[in-house]
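Just below is one structure, and these are the notes that go with it.
The values are calculated or read from the model by the stated rules, or taken from the named source; none is laboratory data. What you are looking at is a predicted structure, and each value in this text was computed from that prediction instead of being measured. Neighbour counts run over all protein chains shown; Cβ positions are idealised from the backbone, glycine included. Keep in mind that these areas ignore ligands, DNA and RNA; they rest on the heavy atoms of the full protein, side chains included. Shrake-Rupley method; radii C 1.70, N 1.55, O 1.52, S 1.80 Å.
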Amino acid sequence: MNPTYDRHLDSFIVIAESGSFSSAADKLFVSRTALIQQMNLLEKDLGFQLFDRHNKGITLTAAGQYFYQEAKKMIRASNRVLQRCRELEEKSAQSIRIGTLPNFTAVLLPQICRRFSGLHPNVALEFIDYPLESYFKNFVNNNFDITTEYMSGYLFEEPGYSFIKLMEDRHCCGMSPTHPLAMKKKITIDDLRVQKVLMYARGITRADDLLRDYITATAPDVEIIDIGHYGSSLPLRCELEGLILIYYSMYWKSFPSLATLPIDISMDFPIDIGLGYKLDSNQAVKQFIELAEEMFQVFRKKDSHRASRAERR
């Protein structure tokens, strides 16, 4: 149904183009008598005659000819208005649910969200906190659409999922300030020998598994203790048990009580940080991902220019 114009206009246009009531009635699947009654009512409402009726059929009056041209424009304009209104309603009904992590501060995601909201004001961005231990389970169960600025896990290598890289992070070592290694400038593989080390359990991320494999192959006397997430109790464990936490440098603000040191280049296995999403996501999510990819290219160029200027100095 199109409520923005009189439906009799459709019948009028078919009659005008057919040249007779009988031919138009066949095309519209109505009786000739009903069609004549419609046009009589339309002419009465308009206050002028549309057709000259004669034995050989009908012809448009001068007013009818002008009205025929304008009526087609009105219908096209009305259809455009309705289509645009439906598009706006569809957009306003769309939302993007971004899964966030408590006590985690993203770096690039806020900029992407601000830019997206400016370009798509009718798409609502919802931010939903989930604890890390159930984070990816909630993502798989469709409780949110996009993961926060986070590591690339094995999940995103499975069919139906994808991941866009926004930056790289590096591993670092955190320990109690009283630990014997806390005064060093960086941690080498030899430093870790006979130490007890906390790190992500196998199977969470490829970068951590590669680092684990390197440590166990090069320094088998390192005792690795598995953790499932970077919990708030880890600094206390490091202090009381003399443990070393291998974690991502982006989390250093989350553990202010730890002495955090970079690791030697020999143990450098870059961690891809970015956004995860499902390939069958709605159009709004896909637009968000496209914008994130565009902005990543801009970020990367800026970083490259800054690095070049630093080298010249």
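Restricting attention to the stretch 173-187, report how many residues are within 19 Å of residue 207 (Cα to Cα) and either surrounded by fewer than 21 Cβ atoms within 10 Å (Cβ to Cβ) or touching a Cys at 6+ places or on another chain (Cβ under 8 Å) (or both). Steps first, answer last, please.
Kept after step one, since they are within 19 Å of residue 207 (Cα to Cα), are these residues of the stretch 173-187: 173-174, 187.
Going one step further and asking which of them are either surrounded by fewer than 21 Cβ atoms within 10 Å (Cβ to Cβ) or touching a Cys at 6+ places or on another chain (Cβ under 8 Å) (or both), we end up with 174, 187.
Within the stretch 173-187, residues that are within 19 Å of residue 207 (Cα to Cα) and either surrounded by fewer than 21 Cβ atoms within 10 Å (Cβ to Cβ) or touching a Cys at 6+ places or on another chain (Cβ under 8 Å) (or both) number 2.
Out of all the residues in the stretch 205-260, which are assigned to a loop (DSSP other than H, G, I, E, B) and within 34 Å of the chain's Cα centre (by Cα)?
Listed by number, the residues that qualify are 228, 229, 230, 231, 232, 233, 255, 256.
Please go through the stretch 198-209 and pick out each residue that is surrounded by 15 or more Cβ atoms within 10 Å (Cβ to Cβ), farther than 10 Å from residue 227 by Cβ and not basic (Lys, Arg).
Selection gives 205, 207, 208, 209.
Find all pairs meeting these conditions: Cβ atoms under 6 angstrom apart; at least six residues apart or on different chains; first residue within the stretch 172-186 and within 13 Å of residue 234 (Cβ to Cβ); second residue open to solvent by 20 Å² or more (accessible area, probe 1.4 Å) and of a type outside the set (A, V, I, L, M).
Sorted first by the residue in the stretch 172-186, then by its partner, the pairs are 174/260; 176/239.
Taking the stretch 210-233, which residues are open to solvent by less than 50 Å² (accessible area, probe 1.4 Å), among the aliphatic types (A, V, I, L, M) and under 19 Å from residue 170 (Cα atoms)?
Result: 211, 215, 224, 227.
What number goes with the only condition from (1) at pLDDT below 90; (2) crowded, with 17+ Cβ neighbours inside 10 Å; (3) more than 30 Å from residue 292 (Cβ to Cβ); (4) not hydrophobic (A, V, I, L, M, F, W, C) that residue 100 does not pass?
Here residue 100 meets the rest and fails (3).
Can you name every residue in the stretch 148-190 that is in a strand (DSSP E or B) and of a type in the set (Val, Ile, Thr)?
164, 187, listed by residue number.
Looking only at the stretch 39-86, which residues are of a type in the set (Gly, Ala, Ser), at pLDDT 90 or above and not in a helix (DSSP H, G or I)?
47
Which numbered condition trips up residue 157, out of (1) out of contact with any helix residue (DSSP H, G or I) (no Cβ under 8 Å at 6 or more places or on another chain); (2) open to solvent by less than 20 Å² (accessible area, probe 1.4 Å); (3) among the acidic types (Asp, Glu); (4) closer than 30 Å to residue 290 by Cβ?
(2)
From the list 157, 126, which residue is in contact with a Ser or Thr (Cβ under 9 Å, 6 or more places away or on another chain) and among the charged types (D, E, K, R)? Break it down into steps so the answer makes sense when it comes.
On the way: 157 fails: in contact with a Ser or Thr (Cβ under 9 Å, 6 or more places away or on another chain).
Exactly one residue qualifies, and that residue is 126.
Which of the residues spanning the stretch 111-136 are within 18 Å of residue 276 (Cβ to Cβ), in a helix (DSSP H, G or I) and either at pLDDT 90 or above or polar (S, T, N, Q) (or both)? Step through it out loud before you land on a result.
Restricting attention to the stretch 111-136, the residues satisfying the condition of being within 18 Å of residue 276 (Cβ to Cβ) are 112-113, 116, 125-136.
Within this subset, residues satisfying the condition of being in a helix (DSSP H, G or I) are 112-113, 116, 132-136.
The answer is 112, 113, 116, 134.
Can you tell me which residue in the stretch 137-147 is most open to solvent (accessible area, probe 1.4 Å), limited to those that are in a helix (DSSP H, G or I) and of a type outside the set (A, V, I, L, M)?
Filtering the stretch 137-147 for residues that are in a helix (DSSP H, G or I) and of a type outside the set (A, V, I, L, M), the one most open to solvent (accessible area, probe 1.4 Å) comes out as 137.
Suppose we filter the stretch 277-290 for residues that are in a strand (DSSP E or B) and within 9 Å of the chain's Cα centre (by Cα); how many remain?
1
For (1) within 30 Å of residue 144 (Cβ to Cβ); (2) out of contact with any strand residue (DSSP E or B) (no Cβ under 8 Å at 6 or more places or on another chain); (3) among the small types (Gly, Ala, Ser), each residue gets a yes or a no:
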position	(1), (2), (3)
182	no, no, yes
209	yes, yes, no
216	no, no, no
222	no, no, no
229	yes, yes, no
244	no, no, no
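Given the criteria more than 35 Å from the chain's Cα centre (by Cα), more than 17 Å from residue 105 (Cβ to Cβ), at pLDDT below 95 and surrounded by fewer than 17 Cβ atoms within 10 Å (Cβ to Cβ), does residue 268 qualify?
When the stated conditions are applied, residue 268 does not pass them.
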